[in-house]
Amino acid sequence: MSAGVHYAEDNDIPDRKILVLYATETGTAQEIADRIARECRRGHFQCRVCNVGSYPPQGLISEPLVIFVVTTTGSGSEPRAMTPLWNMLLRSDLPHDLFEAVTFAVFGLGDSAYEKFCWPAKKLARRLTHLGGRELCTRGEGDDQHPQGVDGALDPWIEQLLERLLALYPCDVSLKVLPTLGRCPPRVETANVSAETACTDPLDADQKYWDVTVQCNRRITAEDWFQDVRHIELVSERDLDYLPGDVTVIHPIAMAPEVDSFLASMGWANTADEPFSITHAMKDQSLPEHTPQITTLRILFTRYLDFNAVPRRSFFELLRWFANDERERERLDEFVSNEYADELYEYCQWVKRTIKEVLAEFRSARISRDYVFDLFPSLRPRQFSIASSPKKHPHEIHLCVAIVNYRTKLRIPRKGVCTTFLAALQPGDKLRITIQKGLISLPNDPQTPLICIGPGTGVAPMRAVIEDRVLAGSESTTLYFGCRSALKDHHYGAEWEACASAGKMTYRVAFSRDGPEGTKRTYVQDLLRLDKQRVWELLGVKRGTLIISGSSNKMPAAVRDAVKEAAEEFGNMSTEHAANFVPMMEREGRLIEECWS
């Protein structure tokens, strides 16, 4: 521990305990939860950081003080891990004073460029208040558009949080509120073990995961096309019980040459394969899921820690303690100051500079092995929508994956860690997966009209939906698909055309780049506007369901606008009533979004 810093033990102040629950998709909320827990040490509070997905929702009523960190996904949805808790909170039979003994605070993460900015955090705070909970301080809203990113709102919010906490729970006279923590102790302690000691992988013992075999890994975009999209088939020996809209969870493995290069740059090449033990020392800081007890540096940076991530400001705050060069320390001090926030953004986020690249510039930094979990974020598992129905493909899971490969603003090549791993898989290779419940729910009656909007790889869950509906005898499904070229990236085009020719579905497709030079491009929302009368017939008159899947850019909002226009023009609604039609569909469960950033 840092000299002069006293961390109170449980038996000193047993009432100063806080539960910090985070709901995340990309890992940012987890990092912020850890940051909040560290800062709460300044007031001698002890936090327990937990993923909302692994916390039993019924336990909330016995937690006197809870801090929620909630990110926003798609166009305003909560992360998948939060859905069970949210569904529990929405139950109509809950007493209005259920949480009268619970004090809570909420920090949301979002992007103000979207209409439903920090929507899950707002809904959560409102619902907890309606159920008797007491909000400790004003809700925090971290905005990706802020010049300092999320930290622009997080820093002042943490100070407000500590002020309110200390007002409610003043420090004992023997304890002094700490202005800063300095160099925090590492969250783990490591110790060398015998070279013959076997390393462990907790993922192998997790019964929620199982082995599958790669049956097919086929490129479905043209060889000369700029984007590599793969159709991947995984085969399992066990019975697969999943539904359309469910997702496959895959833990990526970093490529060996990249790991070797990184270890060499850190000066760890000679010790990379020496086994050591890991003990979780600072329990108010989270560790990656399935962290091993015995491992090596090579294994850690291959399976658990991400050196290709773009670092947050907290990375630079800690890195400065390891820099031995005075000029490097001065530059790091500037990066973490508010005055140089724009410079840090331009240096790091704007050009997508990775941790590995930052460390290559700050060469004097010598990082202790005990601090690797504090400096490097988790190599998080990735979620991919399942593109198949188990009714049509028993024992199989199909994926439609775009391989991430681009150049940064500095013209540096970038590859996605997980998609690069998937692209390299060969038939016969094994990997461990699990399945998570998705957000899509289909109408009980297969004859209920269903409109699917799935441009690009957003068509993946739609393929599962359509296969399931066709096998159930439905002929009332409409797919709106969009891509750039009929010959280059028309994912599963032959399947859709055959199915439509057989009268089992209606297929509408927009090829945005196939028109003559200079003509207006056509997207899925443009087709919806052309089909406004039919759209109203299916959604307004026959009370059908609309599912939107794909990138959460302008497309989802444009689709909603097209439906609103259909309601106004052909449903004879006023502008005000038409604007309420889409939210009403959402409340009734007839509009579902499966979108991602």
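Miscellaneous remarks
- Full extension of the chain segment joining SER441 with LYS554 gains 38.3 nm, where the gain is 0.36 nm per residue of separation less the Cα-Cα distance.
- Antiparallel bridge percentage (DSSP; both residues within region 17-168; nearest 5): 5 percent
- Residues GLU159 and SER236, FRET efficiency given R0 of 35 Å [Cβ-Cβ distance, rounded to 0.05]: 0.10
- The mean of 1/r over all pairs of different alpha-carbon atoms in region 243-392, once inverted, gives a Kirkwood hydrodynamic radius of 17.3 Å.
- For region 17-168: rounded, prolate or oblate by the Cα gyration tensor [a/c cutoff 1.5]: oblate
- Reciprocal mean inverse distance between Cα atoms of region 450-596 - Kirkwood radius, Å: 15.6 Å
- Two-site FRET efficiency, ASP206 against LEU530, from Cβ-Cβ distance with R₀ of 51 Å, rounded to 0.05: 0.55
- Label positions at ALA167 and HIS395, each projected 7 Å from the Cα along the C-beta direction, are separated by 6.4 nm.
- Quarter the surface of the alpha carbon convex hull of the chain and you get the mean projected area, 30.2 square nanometres.
- Shape analysis of region 19-96 places it in the oblate category; the axes a ≥ b ≥ c from the Cα gyration tensor give an a/c of at least 1.5, with a/b not above b/c.
- For region 305-411, the equivalent ellipsoid built from the Cα gyration tensor has semi-axes of 38, 17, 11 Å, listed from largest to smallest.
- Pairwise FRET efficiency - GLU196 versus THR575, Cβ, R0 = 60 Å, nearest 0.05: 0.20
- Per-peptide average of other Cβ atoms within 10 Å, ordering 276-282, 286-292 highest first: 286-292, 276-282
- Helix-only [θ]222 nm of the chain, DSSP H runs n ≥ 4, -39500 (n - 2.57) each, per residue, nearest 500: -8000 deg cm²/dmol
- Order of SER62, SER265, SER378, SER77 under a 10 Å beta carbon neighbour criterion, fewest first: SER62, SER265, SER378, SER77
- Local electrostatic count, VAL212, Cβ distance below 10 Å [Lys/Arg +1, Asp/Glu -1]: -2
- When you filter the chymotrypsin sites (Phe, Trp or Tyr not before Pro) in region 153-258 for DSSP loop state and at most 13 other Cβ atoms inside 10 Å of their Cβ, you are left with PHE226.
- Here each label is just a point 7 Å from Cα along the line to Cβ, and for LYS116 and THR213 those points are 4.2 nm apart.
- A straight Cα-to-Cα reach below 19 Å connects LYS430 with the aspartates and glutamates ASP201, ASP204, ASP206, ASP211, GLU233, GLU237, ASP239, GLU396, residues fewer than 8 places away in its own chain not being considered.
- As a proxy for reagent exposure, ranking ARG529, ARG484, ARG469 by other Cβ atoms within 10 Å from fewest up yields ARG529, ARG484, ARG469.
- Gain upon complete extension [SER92, ARG407; 0.36 nm per residue less C-alpha separation]: 108.4 nm
- Residues of type lysines that LYS564 reaches as a straight line, Cα spacing below 28 Å, ignoring anything fewer than 8 places off in the same chain: LYS116, LYS122, LYS123, LYS504, LYS520, LYS532, LYS542, LYS554
- Within-12-Å neighbourhood charge of ALA502 [Cβ basis; K, R +1; D, E -1]: -2
- Label-zone membership for region 312-329, site ASN270, 7 angstrom Cα→C-beta point, backbone N under 11 Å: none
- Proxy reagent accessibility, fewest Cβ within 10 Å first, across THR221, THR72, THR296: THR296, THR221, THR72
- Gained length - GLU330 relative to GLU189, 0.36 nm times residue gap less alpha-carbon distance: 47.9 nm
Read-outs: derived from the displayed coordinates by stated rules, not from any lab. Everything quoted here is computed from the prediction, not taken from an experiment. Methodologically, a virtual Cβ is constructed for each residue, glycine included, from the backbone with ideal geometry; neighbour enumeration extends over all protein chains shown.
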